[in-house]
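Structure first, commentary second.
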Amino acid sequence: EADELSAFREHWKHELKTEKCSKDKVGYFGHHSKDSPSDQNTSYWQKQTQPRPKDQPQYVSIAEGLLDGRTSPLLDRIKEERTRRKRAPESDAINKGAPPKKVSGSCHKLLEQFIQDLNEVNDIPFFDVELPYELALKIFQFLSRTDLGRCAQVSKSWKVLAEDEVLWHRLCLKEGFHSGASISDSPCWKSTLRDACNTENTVKSNWKNRVGSIRNLQYELGKVLCDVSSCAGLVIAGYTSGDVRLWDTLHWDTSYLRSTHSIRNESPAPHISLVRINKTIATAAYENGGVDVWSTETGLEPIHQYQHLQRVHALDLSPDCPALASASGPEVRLDSTDEQGYWRSQCLIQLPKPVDGVLVVPGRRDFPLVTAWAGESVYLLDSRRKEEEPNVLHFVYGHPVTCVDVTASKAALGVKSCGWGMNDGGNKIQVYSLETSQSEITVGNSAGDFTCVNLRDSPPHLLVCGNKDRRVRVFDLRTGSSVVSLYAHHMGVTTVQADDWKIVSGGAEGLVSVWEMRIGAKLWEMHNRHPVRHIEFNGSTLVTANIPDEKQPRGACITDDDLTAHRRHRGLICHYDFSMDSSAPDHVLPICRSNYIESSGYNFNIGLAMPYDILSGP
């Protein structure tokens with residue numbers, strides 16, 4: 001091999017000297033030949049920078065470097081090629097037209113292979129990453145998952161950077177998947193994010209096509225349904241029998257929460273008026289003014305109980321901390337836990353008028369805040385200022401407040417215009433800042449009363465509301481304009497919720513409708529007998545409740561002992577799970593999965609699950 005290489009170099013030297021002599025002492029690079037004295041003091045770098053004729057082959061400069069003893073001319077060749085392309089882009093086409101030199105003998109194959117390898121190396125882009133790994137990782141963290149996938153195809157060093165677990169763990173948390181997870185919880189966060197995105201797309205498709213499982217949460221012994229609340233997979237319901245029922249839809253466990261009057265064996269049991277639940281606390285208010293509080297984690301016995309003098313008209317739980325607000329007549333009471341975890345009454349405030357509703361402001365605070373509205377006034381109650389007058393957030397004489405919703409920093413109020421106020425554009429929704437107690441924006445100009453408003457669960461800068469004029473509207477709080485207006489329910493909208501792409505609304509006629517927000521089209525609907533009073537959904541589940549207005553309905557016959565025995569009087573709770581495919585074999589009855597080759601039961605082979613997919617061909 002050494003003799004063959006030496007012969008190749010000697011042959012190549014002889015060929016180059018012969019070509020140089022025929023150019024009248026002018027080389028390929030436009031300088032004097034090696035025999036000239038002026039060329040003896042010229043370095044290799046000066047040769048490379050001098051102009052060369054257009055018929056110069058591409059491989060001659062690299063060959064000269066090899067013959068002069070340079071072991072790695074690739075870097076110099078790449079620099080020269082970049083300079084040449086900037087100065088004379090048209091030289092590429094001319095160089096391609098130059099025919100390569102022919103070499104006869106045993107060196108022909110070696111020279112041809114060497115030139116082919118040089119041309120291939122010249123076409124591959126070269127990347128020299130000299131940044132520290134931490135600095136390069138800091139730059140890559142600003143890229144999206146699509147850009148990271150493209151960077152991983154550049155080179156091996158970029159692939160290592162683009163597939164770092166820190167980047168994909170941060171992307172997974174940024175897109176809302178596996179919140180609170182540490183980087184050590186998954187061996188490959190890139191695969192975890194990919195699986196989560198595929199699951200999200202599947203669930204979204206199931207939402208649009210109404211593909212999933214439906215369950216009815218029923219309790220026949222409870223008689224008529226009075227109120228329903230749900231949070232984080234937990235559903236609580238109260239009945240006219242005084243019973244409180246709790247369902248865990250994640251594990252499908254059913255619990256019976258014992259009330260105080262059942263422990264004392266009081267008879268008759270008072271009806272349930274209101275129920276609320278969050279992740280750790282469940283509460284129920286009764287017609288006689290009693291309030292029970294249970295822990296969803298420790299047991300079924302009440303952990304706290306107190307009594308109002310009148311019927312409880314409003315009840316709310318904080319979604320973030322154990323804080324409970326209730327209202328009976330003009331009295332508002334706030335209870336929460338102390339540092340040791342014991343429940344204490346924080347304040348008891350008397351308002352000038354009977355309270356219509358209360359809401360605990362979300363967020364973790366040392367002292368909970370409560371929003372209460374009564375007639376034309378909306379109050380912001382601070383438990384630290386027990387002796388002071390409550391802070392009036394809104395008051396317009398003769399314009400009552402019909403609905404309220406609050407977030408950690410804002411409050412949205414539906415205000416009914418009366419008399420001279422109708423000349424100002426009709427009913428409106430006013431958005432206040434809780435920090436400054438000042439109105440930020442006013443939206444809407446509807447002739448009907450606003451019956452529900454949802455600011456807490458809406459996308460950022462959006463507000464969704466329902467009206468008696470049968471429409472569901474979405475407002476942009478940055479511009480005050482209406483983004484979506486849908487003709488939804490012919491008897492008025494009772495409850496509504498929206499996310500970034502869909503709207504779910506319920507009406508007084510018992511209809512639950514799912515809408516595509518972008519195109520304003522109805523995807524599907526479900527109907528039941530009674531008005532829809534509760535809607536709550538997350539990524540893959542939906543809970544709806546149809547609650548009767550009549551708590552003591554008349555039976556078909558005056559001699560009936562139990563007038564609520566028929567299911568049409570009880571109300572209905574529906575749980576939709578769109579993460580499951582109801583058409584899968586596990587969710588189809590065996591009679592519907594039978595085929596046509598069974599010997600027995602052939603009359604029942606109705607095959608609703610596509611029987612022709614399992615038939616063998618002829």
- [ ] Residue by residue through the stretch 510-528, note down the ones that are buried (at least 19 other Cβ atoms within 10 Å of the Cβ) and in a strand (DSSP E or B).
- [x] LEU511, VAL512, SER513, VAL514, TRP515
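What residue, among those in the stretch 529-548 that are among the charged types (D, E, K, R) and at pLDDT 90 or above, is least open to solvent (accessible area, probe 1.4 Å)?
In this case the residue turns out to be GLU536.
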Open item on the list: Against the conditions (1) more than 30 Å from ASP500 (Cβ to Cβ); (2) in contact with a Ser or Thr (Cβ under 9 Å, 6 or more places away or on another chain), where does ARG276 fall short? Just the number, please.
Closed with: (1)
Task: Members of the stretch 298-323 that are in a strand (DSSP E or B) and not aromatic (Phe, Trp, Tyr) - done: HIS304, GLN305, GLN307, ALA314, LEU315, ASP316, LEU317, ALA323
Task: Top-ranked residue in the stretch 343-388 [being assigned to a strand (DSSP E or B) and of a type in the set (S, T, N, Q); ranked as surrounded by the fewest Cβ atoms within 10 Å (Cβ to Cβ)] - done: GLN350
- [ ] Output the residues belonging to the stretch 566-584 that are modelled with pLDDT under 80 and either touching a Cys at 6+ places or on another chain (Cβ under 8 Å) or surrounded by 13 or more Cβ atoms within 10 Å (Cβ to Cβ) (or both).
- [x] MET580, ASP581, SER582
Task: Residues satisfying the stated conditions in the stretch 477-509, i.e. surrounded by 16 or more Cβ atoms within 10 Å (Cβ to Cβ), part of a loop (DSSP other than H, G, I, E, B) and within 18 Å of the chain's Cα centre (by Cα) - done: ASP499
Open item on the list: Based on this model, can you work out whether GLN340 counts as open to solvent by 20 Å² or more (accessible area, probe 1.4 Å), farther than 23 Å from PRO390 by Cα and not hydroxyl-bearing (Ser, Thr, Tyr)?
Closed with: yes
Open item on the list: Is it the case, given these coordinates, that ILE503 is more than 15 Å from PRO459 (Cα to Cα) and either without any contact (Cβ under 8 Å) to a residue 40 or more places away in the chain or not hydrophobic (A, V, I, L, M, F, W, C) (or both)?
Closed with: no
Task: Selection from the stretch 148-185 of residues that are in a loop (DSSP other than H, G, I, E, B), among the small types (Gly, Ala, Ser) and in contact (Cβ under 8 Å) with a residue 24 or more places away in the chain - done: SER155
Task: Residue list for the stretch 285-333, filter: of a type in the set (Ser, Thr, Tyr) and in contact with a strand residue (DSSP E or B) (Cβ under 9 Å, 6 or more places away or on another chain) - done: TYR286, SER295, THR296, TYR306, SER318, SER326, SER328
Open item on the list: What's the total number of residues in the stretch 391-415 that are assigned to a strand (DSSP E or B), over 16 Å from ILE429 (Cβ atoms) and of a type in the set (S, T, N, Q)?
Closed with: 1
Task: Criterion: touching a Lys or Arg at 6+ places or on another chain (Cβ under 6 Å), among the hydroxyl-bearing types (Ser, Thr, Tyr) and either farther than 18 Å from LEU257 by Cα or surrounded by fewer than 19 Cβ atoms within 10 Å (Cβ to Cβ) (or both) - qualifying residue of SER318, SER326 - done: SER326
Task: Residue that is least open to solvent (accessible area, probe 1.4 Å) [pool: residues in the stretch 137-190 that are among the β-branched types (Val, Ile, Thr) and under 29 Å from ASN538 (Cβ atoms)] - done: VAL166
Task: Matching residues, the stretch 212-257, being within 21 Å of ALA498 (Cβ to Cβ), among the aliphatic types (A, V, I, L, M) and surrounded by fewer than 21 Cβ atoms within 10 Å (Cβ to Cβ) - done: ALA232
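Just to be sure I understand, how many residues within the stretch 262-292 are more than 32 Å from the chain's Cα centre (by Cα) and either at pLDDT 90 or above or at negative phi (or both)? Break it down into steps so the answer makes sense when it comes.
Residues of the stretch 262-292 that are more than 32 Å from the chain's Cα centre (by Cα), as a first pass: 262-273, 285-292.
Restricting the remaining residues to those that are either at pLDDT 90 or above or at negative phi (or both) gives 262-264, 266-273, 285-292.
Selection size over the stretch 262-292: 19.
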TODO: Please determine, by comparing only the residues of the stretch 422-476 that are among the charged types (D, E, K, R) and in a loop (DSSP other than H, G, I, E, B), which one is most open to solvent (accessible area, probe 1.4 Å).
DONE: GLU435
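The values are calculated or read from the model by the stated rules, or taken from the named source; none is laboratory data. Not measured: the values here are computed from a predicted model. Heads up, the Cβs are rebuilt from the backbone with ideal geometry, glycines too, and the neighbour counts pull from every protein chain shown. Please note that ligands, DNA and RNA were not included when accessible areas were found on the heavy atoms of the full protein model with its side chains. Shrake-Rupley method; radii C 1.70, N 1.55, O 1.52, S 1.80 Å.
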